[in-house]
């Protein structure tokens, strides 16, 4: 093919590297004010009063409280529990209470110092181990778990924990709001989901579809952190703009962004596995407890994916998985790459390592004995009939790394000094698209216009957040129409100009929206000679997908992406420092529309997983992140990045464009367990929580050395 499968250069790349790309903080408007948020300093309490210093000159400063909201004081999403501005009860530190705006940023900062909140403190709750404040719960079951566990030769029970993780996108949150002359509002900013904001602002301001205009600015990364939270910031900016009658821009600095926006959900997994003596998996009994923070946000869908992935890509006829999201008095948690799957992948892959030791098998042997293959069923009873690259990724991961020979070689070493070497592997998967056929139910739409000058225009609400959408979509269209890629352009991502294509999340953009555009292009090919025209279509799934939302049985996802990671590490047992020397990554993504971009997604997501495993620790103090800057929240830099060897396995998904399926989230799931297995191989220490900081590893080593 001319374009698909070719590493076309990023069509938005030159503007970004030259600085011509306009991010939201580059934008301005006549008469623009700058906005800021008054936030609660306490995690839980009763708000009695907002005190405006009477000695301060408030002239020229716009002030907004919940009393100024003409619509519903809610950030509309799945559950209407989060107010745009708090009124009676404070549920987390940094909760927004009031808003200020003025022309001068220095004066704005000064004005914030003259607002105080009278809050009666209440006892906060932070614990998810002993907590009855359930925000949502669900379960799935199959077979007879108790009988299977009773028949097992080995019953392994353990508890696993993963903490918060900060998305740390390169560009903090920002919005520019402008009141329109017709009584409507326009908001431009950094986001993943324009129609989320559109929905939220209609409720907040009591406006109709045509009165709310949401525009995508060039966006510097998202990773899920710009999925739901931008609705909150858009609410604040528009409230100020409406009251002022002037444009208002709100840009968070890094400290406010880290302290106030959503994180990955901390998660506790209590899990029991039953195995035969030969290593055959008989049963899984698990409880998943997630920390939702103060409000629900997207916790329901995060929990859903976590529960579905708890058993992993392994055959199991008897299982019971229950999941709960608990409310705590901390800032709400939300979407983050993999949303839910990385948390439970950590548990099931570590359990497989425990099982290998108990059954006298190697970590590889226990996985090969139990892995699902084409024709098998997942934990929900979904029969795997298409695009099942499980065996291929494992074979390629072993081939690339020489895992078995290298493990034997390391076993033969006399590792007597402080520097120890180890190798580990993991096998994992990720469900692509929305659960239970949700992509088709939401009427995901896109359009393709042919102009009089012969230019093709893509109209979609899918956003470019660094993953390559603005290059991959033109490749798909150009391939079908047999035209140069530069003849394909994008309409401005503006809710008044583009249809609702669904959110840019869930490894669905290329697989779902790309498929819609492929169908548009196929019809356009037949009509191009008729002159200017528009082809608009909505997503139609493969059909036959059956899902029971009540029992969590059936076809959970259209298809799955598969991966095998191998990691080699050195561990300094004197300092607890872990150096990931090399990673081998074999990942089945159906079809690489743009191989270099796909490799970038794999390697970028993997590096985030490396940070999640042993570097990134959100330190909570008094209910809020204490290490709220890049100097003390440590993410991997280029110096921390291991050598990565990546192979893209292509087992086509017949209902994706040219066979493509998800790639963006899969890499996040399994690299942590591979590194943990390698650390265990090097030191003999079993790791059951993330992040495994040097201090934590040293404590485990000391414990293991104590008679």
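Condition check for residue 159 on (1) part of a loop (DSSP other than H, G, I, E, B); (2) loosely packed, with under 15 Cβ neighbours inside 10 Å; (3) touching a residue at least 60 places away in the same chain (Cβ under 8 Å): one failure, at (1). Given the conditions (1) touching a helix residue (DSSP H, G or I) at 6+ places or on another chain (Cβ under 9 Å); (2) assigned to a helix (DSSP H, G or I); (3) at pLDDT 95 or above, and given that residue 486 satisfies all but one, which numbered condition is not satisfied? (3) is the only condition that residue 486 fails.
When residue 379 is tested against (1) in a helix (DSSP H, G or I); (2) closer than 16 Å to residue 273 by Cα, only condition (1) is not met. All of 337, 367 fail the test of being in a loop (DSSP other than H, G, I, E, B), in contact with a helix residue (DSSP H, G or I) (Cβ under 9 Å, 6 or more places away or on another chain) and either crowded, with 19+ Cβ neighbours inside 10 Å or outside the structural domain of residue 317 (by TED's automatic domain parsing) (or both), apart from 337. Restricting 630, 644 to those that are in a loop (DSSP other than H, G, I, E, B) and either in contact with a strand residue (DSSP E or B) (Cβ under 6 Å, 6 or more places away or on another chain) or surrounded by fewer than 22 Cβ atoms within 10 Å (Cβ to Cβ) (or both) reduces the list to 630. Cβ-Cβ distances below 9 Å connect the following pairs, each with a first residue in segment 174-200 that is at positive phi, a second residue that is surrounded by fewer than 24 Cβ atoms within 10 Å (Cβ to Cβ) and part of a helix (DSSP H, G or I), and a separation of six or more residues or different chains: 183/211.
The condition of being in a loop (DSSP other than H, G, I, E, B), farther than 23 Å from residue 253 by Cβ and at pLDDT 95 or above holds for only one of 74, 42, that being 74.
Residues in segment 77-98 that are in contact with a helix residue (DSSP H, G or I) (Cβ under 6 Å, 6 or more places away or on another chain) and closer than 16 Å to residue 262 by Cα: 78, 84, 94. Quick one: is residue 33 closer than 25 Å to residue 330 by Cα, more than 29 Å from the chain's Cα centre (by Cα), crowded, with 20+ Cβ neighbours inside 10 Å and modelled with pLDDT of 95 or more? Against the criterion (closer than 25 Å to residue 330 by Cα, more than 29 Å from the chain's Cα centre (by Cα), crowded, with 20+ Cβ neighbours inside 10 Å and modelled with pLDDT of 95 or more), residue 33 does not qualify.
Here's the yes/no breakdown for (1) surrounded by fewer than 20 Cβ atoms within 10 Å (Cβ to Cβ); (2) in the same structural domain as residue 41 (by TED's automatic domain parsing):
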site	(1), (2)
93	no, yes
108	yes, yes
118	yes, yes
130	yes, no
141	yes, no
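Each residue in segment 441-481 was checked for being in contact with a helix residue (DSSP H, G or I) (Cβ under 9 Å, 6 or more places away or on another chain) and either part of a helix (DSSP H, G or I) or without any contact (Cβ under 8 Å) to a residue 60 or more places away in the chain (or both), and 17 of them qualify.
The values are calculated or read from the model by the stated rules, or taken from the named source; none is laboratory data. Computed from a predicted structure; not experimentally measured. As a convention, Cβ positions derive from the backbone with ideal geometry for all residues, glycine included, and neighbour counts pool all protein chains shown.
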